[in-house]
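K.L.:
Next up is a structure, given as structure tokens.
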Amino acid sequence: MTATTASSAASATPAPLADATRDEASLRRFLHGLPGVDQVGVEQRAAGLGTRSIKKAAKLWAIDTAISMVDLTTLEGADTHGKVRALTAKAKLPDPERPDTPKVAAICVYPDLVATAVESLTGTGINVASVATGFPAGRTSREIKLADVKIAVDAGADEVDMVIDRGAFLEGRYGQVFEEIQAIKAACGDAHLKVILETGELVTYDNVRRASWLALLAGGDFIKTSTGKVSPAATLPVTHVMLQAVRDWRDTTGELRGVKPAGGIRTTKDAIKYLVAVHEVAGEEWLTPHLFRFGASSLLNDLLLQRRTQADGHYSGPDYVTVD
């Protein structure tokens with residue numbers, strides 16, 4: 001971390017944490033001074049909260065809330081403009097026979113497909129998110145990462161999902177990761193920045209906590225578990241650690257930042273477990289699409305089927321909803 005960058009970082013960091021980003025040594029000292037994560041404790045708590053039962057009226061609320069938090073995602077090499085248009089149609093009207101179904105929060109696509117999504121979603125209140133920075137591996141130069149972000153933002157993206165340099169993080173080059181997040185945040189302009197930690201590659205819960213705080217210190221609006229391309233992707237214990245980080249950030253700075261688990265969340269039962277975790281670990285104010293999202297492709301289908309079940313009293317098969 002250069003002296004100029006450190007000075008800029010300190011001025012941008014909330015006052016209670018300004019010393020943490022003064023220089024590389026301060027950043028390392030802060031991150032390694034965070035309390036260690038009790039692995040057994042966090043896994044037991046996640047498992048315990050996952051057994052909570054929800055009554056019918058609350059379940060319908062939870063389903064609608066989860067639908068409103070979905071970042072409906074397509075991130076495949078074979079993606080086409082036609083597929084993105086079909087996905088935006090589903091985002092606007094997830095269940096055409098049930099117009100009271102909530103819209104999703106956002107569509108998430110590659111940068112070259114942002115313009116197509118924007119054209120289809122203008123005026124709907126549904127955001128367009130774009131992955132960037134050499135997604136999913138991020139193994140490219142900073143210049144190319146910034147160019148990737150510029151393509152997305154110039155095409156109208158409301159949100160950018162970047163990937164951190166996991167190699168640099170695991171080698172302890174925290175200042176490099178910090179500076180890169182800051183540079184990408186600046187390149188986003190008015191677009192919100194989601195920082196993907198790729199927690200499946202971080203090995204330990206302590207690393208997840210450090211990476212979460214590093215992303216928050218550098219200005220990330222959301223911290224996100226995964227690209228969905230690495231296993232394991234989102235898990236409840238990891239999400240607990242990240243929810244603790246944004247809760248503690250709020251307690252320290254007064255600022256609210258978001259969390260996005262992504263990858264592997266496919267069923268309504270899974271989604272409700274995450275909503276329970278949000279309520280119990282971070283707090284009720286995080287139960288909004290502004291602060292919590294699901295990165296998903298197939299999850300929405302199950303939420304729609306279970307919503308019909310709650311409303312009609314019997315299960316509707318997959319023929320009753322559009323399948324991505």
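The values are calculated or read from the model by the stated rules, or taken from the named source; none is laboratory data. Bear in mind that the values here come from a model prediction, so they are computed numbers and not experimental data. Heads up, the Cβs are rebuilt from the backbone with ideal geometry, glycines too, and the neighbour counts pull from every protein chain shown. Surface areas here come from the heavy atoms of the whole protein model, side chains and all, with no ligands, DNA or RNA. Shrake-Rupley method; radii C 1.70, N 1.55, O 1.52, S 1.80 Å.
K.L.:
What number of residues in the range 275-302 are assigned to a helix (DSSP H, G or I) and free of Cβ contacts under 8 Å to residues at least 40 places away in the same chain?
P.N.:
Count: 7.
K.L.:
It is to be established whether one or more residues within the range 300-316 are of a type in the set (Ser, Thr, Tyr), at pLDDT below 95 and in contact with a Lys or Arg (Cβ under 9 Å, 6 or more places away or on another chain).
P.N.:
Yes, the conditions are met somewhere in the range 300-316.
K.L.:
Here's a follow-up. Return the total of residues in the range 175-198 being open to solvent by 10 Å² or more (accessible area, probe 1.4 Å) and in a helix (DSSP H, G or I).
P.N.:
So the answer is 8.
K.L.:
Look at ALA168 and say whether it is of a type in the set (Gly, Ala, Ser) and open to solvent by less than 10 Å² (accessible area, probe 1.4 Å).
P.N.:
yes
Residue-wise test of (1) within 19 Å of PHE30 (Cα to Cα); (2) within 17 Å of the chain's Cα centre (by Cα); (3) free of Cβ contacts under 8 Å to residues at least 60 places away in the same chain.
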{"residue": "ILE181", "(1), (2), (3)": "yes, yes, yes"}
{"residue": "ALA186", "(1), (2), (3)": "no, no, yes"}
{"residue": "ASP190", "(1), (2), (3)": "no, no, yes"}
{"residue": "VAL195", "(1), (2), (3)": "no, yes, yes"}
{"residue": "GLU201", "(1), (2), (3)": "no, yes, yes"}
{"residue": "VAL208", "(1), (2), (3)": "yes, yes, no"}
{"residue": "SER212", "(1), (2), (3)": "yes, yes, yes"}
{"residue": "PHE222", "(1), (2), (3)": "no, yes, no"}
{"residue": "GLY228", "(1), (2), (3)": "no, yes, no"}
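K.L.:
For the range 240-257, name all the residues that are without any contact (Cβ under 8 Å) to a residue 60 or more places away in the chain and open to solvent by less than 10 Å² (accessible area, probe 1.4 Å).
P.N.:
MET242, LEU243, ALA245, VAL246, TRP249
K.L.:
In the range 146-165, which residues are assigned to a helix (DSSP H, G or I) and either open to solvent by less than 20 Å² (accessible area, probe 1.4 Å) or in contact with a His (Cβ under 6 Å, 6 or more places away or on another chain) (or both)?
P.N.:
If the condition is that a residue be assigned to a helix (DSSP H, G or I) and either open to solvent by less than 20 Å² (accessible area, probe 1.4 Å) or in contact with a His (Cβ under 6 Å, 6 or more places away or on another chain) (or both), then VAL149, ALA152 are the ones that fit.
K.L.:
Within the bounds of the range 125-146, is there any residue that is in contact with a Ser or Thr (Cβ under 7 Å, 6 or more places away or on another chain) and over 22 Å from ALA78 (Cβ atoms)?
P.N.:
yes
K.L.:
Next question, about the same structure. Pairs please, first residue from the range 99-113 and touching a residue at least 60 places away in the same chain (Cβ under 8 Å), second anywhere and hydrophobic (A, V, I, L, M, F, W, C) and in a loop (DSSP other than H, G, I, E, B), Cβ atoms under 6 Å, 6+ apart in sequence or on different chains.
P.N.:
Between residues of the range 99-113 that are touching a residue at least 60 places away in the same chain (Cβ under 8 Å) and residues that are hydrophobic (A, V, I, L, M, F, W, C) and in a loop (DSSP other than H, G, I, E, B), the close pairs are ALA105/MET69.
K.L.:
Let me ask another. Could you grab me the full set of residues in the range 258-274 that are in a helix (DSSP H, G or I) and either open to solvent by 50 Å² or more (accessible area, probe 1.4 Å) or polar (S, T, N, Q) (or both)?
P.N.:
Of everything in the range 258-274, those that are in a helix (DSSP H, G or I) and either open to solvent by 50 Å² or more (accessible area, probe 1.4 Å) or polar (S, T, N, Q) (or both) turn out to be THR268, LYS269, LYS273.
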